[in-house]
Each structure stands twice: as structure tokens, then as C-alpha cells.
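The structure appears right after this line, and notes come after that.
Just so it is clear, none of the values below were taken in a lab; they were calculated from the coordinates. Everything numeric in this text was worked out from a predicted model, so none of it was measured. Cβ atoms come from the backbone with ideal geometry, glycine included; neighbour counts cover every protein chain shown.
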């Protein structure tokens, strides 16, 4: 482990998981909580989206390997795929679960217990370093590939493939920043706990010339994200509830003015035919009226000159029948009844 980038060593071996008795186990509670929270975050939807997008990058690279293998941007995609494969081999979740399982079940400052050695804890920190720097490498390859394929897109070259590839790279870069930020947060919380773990002098994981960084900086956020965070949230005021009683009071207080009845215009009144009772002055006039109205009612629709168009069919037939029955014995009474019926229905 003399290499400066020892966290990226393919031959890095995990030290044997040995536990030693310690008198104070209170610090292990916080370690257990932060590791458990990070493992839960690895199963969230954004982590699954990262895995699916990484698989899509690999399939796109394999599909266009012969067509774009000499392009600089495609070489960046190949480097990106290599970093994703390296991240897949890292398997940080497995190492964290093994270390979490070695922590004592009950942690208290007055209670002793078996605690993993410092070498095992430093191995976890080195794995976090590798996880963090691999995501940094992934974002660098994403930027390099996106710059090249964006230029192709501007020149209208390979529009469909280029658009899909840029979208996948952008999504991968965003999700990589999220995971790198979570790993940096976990590392910053675990790093101060190194001195609390028991150390075996003959079994040191780190060499004398190697030292773990004191802190990892989360990835820089873009301008859009920073501007979004700095913008204060808009607080929506709740709507005022107005009861029916309050509505009635408001209506009573409101000045609605004077209601004016609108009369029909003279032109409209002139167009509408008016009914005159004098057309039913005699029995002969009534018979002519019945004949004329019966002919008009047969039309569909009845014309405006048909005064009885709004009278129901059964009522009109009943009025005719009654008029014919009374006509032979009492013609004046028949005419009077029929006239009253027509006047009441029309006016």
C-alpha cells in the first residue's frame, strides 16, 4: 500500500475482522446509526435509477462500439463505463453490513463490549474514499463525453443516438453527485471516531506514510441548484372560510341598484301577431278559427300566426268536442265556453 492512491488498489485486501473488549462502547451507537442510514439510502429510488442508467450506458456503448470507437467522445464513454464497472466491483454495501454486524448490540459508556479493531474501521473508511473518488471520476468522464456529443448535436450528427446518450450522461452525472455527497457525509461523521477503536500494534492496516484525509468535500452544486436553494419558499396563505350567514350579510349590505323591467322593442312587438277576441264574435267565426288553427297545428313547427300552438293536443281536441256538442242545443253557450277557453290559454 505504498501507492498514493491506495484506495483504488485492486488488490486491496480486507483485514481479518477481529473484536477486542473495550470499557466504553457509547461511541459505537452513533456509528451504527449513520451506517444504517447510509445503507437505507443505497436502497432508495435514486440509487436504483443510477444502476439502471449505468446499465444503459454500457448497452449504448456496446451497440455503437464499431461505429464510434475512434471518436474522442466515445473514448470518454468507454472510460465512464470502466469507472462504473470498477464501482460495481467495490460493493461498499457488503463491507458496511459486515462491519455493522460486528458492532455490539448494546452501547453505553458504562458498559463494555467487543468492538472491531481499528484496522477494520480504517478499511471501511478506505472503501468510502474509493467510493467517493470513483464518483468523482464518473462525473469527469460525463463532462468530457457530454462536451463532445453536444458539439455533434449542434452539427446535427446522429441526432437520435446523441440525444439519448446525452440524456443518460446528464442523469448519471446528477445521480453520481447525490451518491458522492452522501458518502462524503458518512465519511466526515466516521472519521473522528478512528481513535476510539482499539488497535493491534502488530496488525496495522495503513502504512506509516499513509494517512486518511480529515474531511471530504461534497460535490459542488450547479448554479441552478444553488439559486433554487437560495430562493425562499413561498408560503401560501390559507383561504378565508366564509359561512352562509356571512355571505347573506354581505349580500344584504351590497348595493344591487334598482331592478328595471325591460320591455320588448317596438320592432319585436310589431313582428309578433296579437290575438283579438273579436275573431270569435259569432259561431261562424269560431268554426273558421277552429279550421284555420287545425291546419296550422299540423305544420312542423307551427308558424307564429298559430295562436293555439302552445295548447296541448288533448286540450285542443277536448275544446273542439265540447264546442260541437253544445253547438246544436245551445250555440251561444258553446261559443262563450270556447271563447273563454281560448282567451285563458292564449293571454
Can you tell me the FRET efficiency between residue 336 and residue 274 if r is taken as the Cβ-Cβ distance and R0 is 25 Å, rounded to the nearest 0.05?
0.70
Give me the number: length gained by fully extending residue 86 to residue 317, i.e. 0.36 nm times residue separation minus the C-alpha to C-alpha distance, one decimal in nm.
73.4 nm
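Ordered by packing density, taken as the mean number of other Cβ atoms within 10 Å over each peptide's residues, highest first, how do 80-92, 276-288 rank?
Most protected by this proxy first, the peptides run 80-92, 276-288.
Computed FRET efficiency, Cβ-Cβ of residue 297 and residue 329, R0 30 Å: what is it to the nearest 0.05?
0.65
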So how much slack lies between residue 288 and residue 12, counting 0.36 nm per residue of separation and subtracting their Cα-Cα distance, in nm?
87.5 nm
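If you average over every viewing direction, what projected area does the convex hull of the Cα atoms of region 151-194 give, in nm²?
3.8
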For q = 0.11, 0.17, 0.18, 0.19 Å⁻¹, Debye-computed log10 I/I(0) when each Cα of region 6-230 counts as one equal scatterer:
-0.64, -1.18, -1.27, -1.36
Here the Cα Rg-to-2.2 N^0.38 Å ratio for region 271-346 is 1.06
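Determine the gain in length on full extension of the stretch residue 114-residue 39; use 0.36 nm per residue of separation and subtract their C-alpha separation, reporting nm with one decimal.
Numbers: separation 75, 0.36 × 75 = 27.00 nm, distance 2.27 nm.
Extending this stretch completely gives an extra 24.7 nm.
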Once you put a point 7 Å from the Cα of residue 189 and another 7 Å from the Cα of residue 62, both along the Cβ direction, what distance in nm separates them?
3.7
Rounded Å value of the spacing that divides the Cα centres of region 297-347 and region 142-208
95
